[in-house]
1. Which of the trypsin sites (Lys or Arg not before Pro) across segment 102-134 are loop residues per DSSP, with 14 or fewer other Cβ within 10 Å?
2. So, in nm, how far is label S282 from label V329 when the simple model puts each one 7 Å beyond its Cα toward the Cβ?
3. What does the charge count near F366 come to, summing +1 for each Lys or Arg and -1 for each Asp or Glu among other residues with Cβ under 13 Å from its Cβ?
4. Label points 7 Å out from Cα along the Cβ direction at N175 and T315: separation in nm?
5. How charged is the neighbourhood of Q116? Take every other residue with its Cβ under 14 Å from the Cβ of Q116, and add Lys/Arg as +1 and Asp/Glu as -1.
6. Count neighbours as other Cβ atoms within 10 Å of each site's Cβ, and list the trypsin sites (Lys or Arg not before Pro) in segment 122-224 that are DSSP loop with at most 10 such neighbours.
7. If you put +1 on each Lys and Arg Cβ and -1 on each Asp and Glu Cβ, how big is the dipole of segment 307-417 around its Cα centre, in Debye rounded to 20?
8. Near K109, which aspartates and glutamates are there with a Cα under 17 Å away, not counting those fewer than 8 places off in the same chain?
Amino acid sequence: MGIGGGRTRARALGLGLPLALASALVLAACGDGSSSDTTTSPTTPAAHESPSPTQETTGPSDPASTALDPAHVVDRPGPFQAPLHTSDMLVFRQHPLSDAMVRRIRQVKGVTQVEQFSLAQVSIQDHAINVAAVDPATYRNFNPDAAAQFQPEWNRVAGGEIALRTSFREQVAKNGFVALGAGSDAPEVHVGAYAPQIPQVDAIVNDTWVKTLGMREGNALLVSTGSASPQAIRKPIQRIVGGRASVQRLDVAARLGLDPKAVQTAFLVGSAADAVGSYSYSLLGGGRIAPQPSWVSSHISTETMPIIGSMTCNTQMFPQLRAALDEIVADGLSGALHPSQYGGCYVPRFIAGTTTLSNHAFGLAFDVNVPENLRGTVGQINRQVVSIFQKWGFTWGGTWHFTDPMHFELNRIVAPR
């Protein structure tokens, strides 16, 4: 476990945290690199360093500084107060859960506690990650013991920062900020902590971010069943929230990544969200998914495009993609794109080895000149071609912290004239 500033191995043990989990709880650098506990203003360069697991601190205080964005500050939660609640089920809808729905769920036999919050998928460098906007004071009690008691994390979230799974460290810029969305106008948030999250949640912010991110307020619910079996209450809850809502057993999700018996729902926010709309899917195994046939028929189509040829993508993307390719042809750059090295567009599956959706699953991303533009390289793709795609509303993966120069994805809708 580390906090930007000095050393705390002893402090982790002093909190009574299991060493394996303590080492997974890492706060972003906010100090000046010394071993003192003095608070450093976030306006100094040191406050914007990239989070580092090797930076640690001593002492019981949280060195988190004044909020980076005062508009996203809520009151810090006080010290942890028992009891902890098990996170047994996750209810997730495209639209808010009504007060009546929540009351009825509370009354289902076997339900001991619930926590309502907001949940959406945010595109971060081709990863549609699940971001939860929460009340830090109450949501923390549904987390594992060590995480729930790790006070600095919750102080950082209350201060307007984001707590992120360690597995997404590659998506964070060197200054410690991450853009929540693919567009050039996507809001940026400072990473305050890397920490384990409950299944199906990749990152947490406080609930002042709901409006900023365009989330649906109160569209998710954690359900604790105590000693009762989550399976026994799934059907009653599904009847309350409707068949299109996702009701997942998190004990199964913890083992398998997702609950294979549950309807999966994605609610993408950001400038390209209108091209996706309501997106639900089922699991096929091997990392593959099956979006609802009605969504596929209304959102996915195949067209013959300049230079590349046949492409199967999100229908709303084609006009500006065609305009970009036409401009590439008009500028005499056709030879810079190799049709035989086209890597695909609509690919309904998870990112390899994860249960995270890529923008390929929505038909909003495409890969070109694959062999000479592998991940982690600067890529050989013609930069004039890159500029034309960017002009027409596409983000290039070559600018990411962990580069993906073959990859382009829609970041805004542009109407050709």
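Values quoted throughout were computed directly from the atomic coordinates according to the rules given, and no laboratory measurement underlies them. Nothing here was measured: the structure is a model prediction, and the numbers come from that model. Cβ: placed from backbone, ideal geometry, glycine included. Neighbour counts: every protein chain shown.
1. Of the trypsin sites (Lys or Arg not before Pro), the ones in loops of segment 102-134 whose Cβ has at most 14 other Cβ atoms within 10 Å are K109.
2. Here the answer is 4.1 nm between the modelled labels.
3. Result for the neighbourhood of F366: -4.
4. Between N175 and T315, the label points sit 4.1 nm apart.
5. Taking every Cβ under 14 Å from that of Q116, the sum is 0.
6. Answer in residue order: K174.
7. Here the size comes out at about 200 debye.
8. D88
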